[in-house]
Amino acid sequence: AFAGTVGGEERRTALFDRWHVSMTSTAEKLLSRAQEAGAVRTDLTVTDVLTLANAVARSDPDTDRVRRLLTILRHGLSGPTTPV
């Protein structure tokens, strides 16, 4: 995904840049719609959501565990006493 390092800074390829812009734009639209519908907090930013999702995705190679963690992230740490 990276073209190399120049002066200590990683230089991204054009493909990576296009992918990043597309993903961020799509996430912004989805977040905005969710906020307008009252489904998520209005103070969330797209960077918040993508950073949290990335952290969970990278936390464990077990996809079932990642799904569980994303569910907990989505619904919060407090809530019903029934397992997620």
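For residues that are of a type in the set (Gly, Ala, Ser) and at pLDDT 90 or above, scanning just the stretch 7-31, find the one that is nearest to Gly76 (Cα to Cα).
The extreme case among them is Ala27.
Inside the stretch 32-44, can you point out the residues that are surrounded by 11 or more Cβ atoms within 10 Å (Cβ to Cβ) and either of a type in the set (S, T, N, Q) or more than 16 Å from His75 (Cα to Cα) (or both)?
The answer is Ser32, Arg33, Gln35.
The values are calculated or read from the model by the stated rules, or taken from the named source; none is laboratory data. Note that the structure is predicted; figures quoted are calculated from it, not measured. Note that each Cβ is placed from the backbone with ideal geometry, even for glycine, and that neighbours are counted across all protein chains shown.
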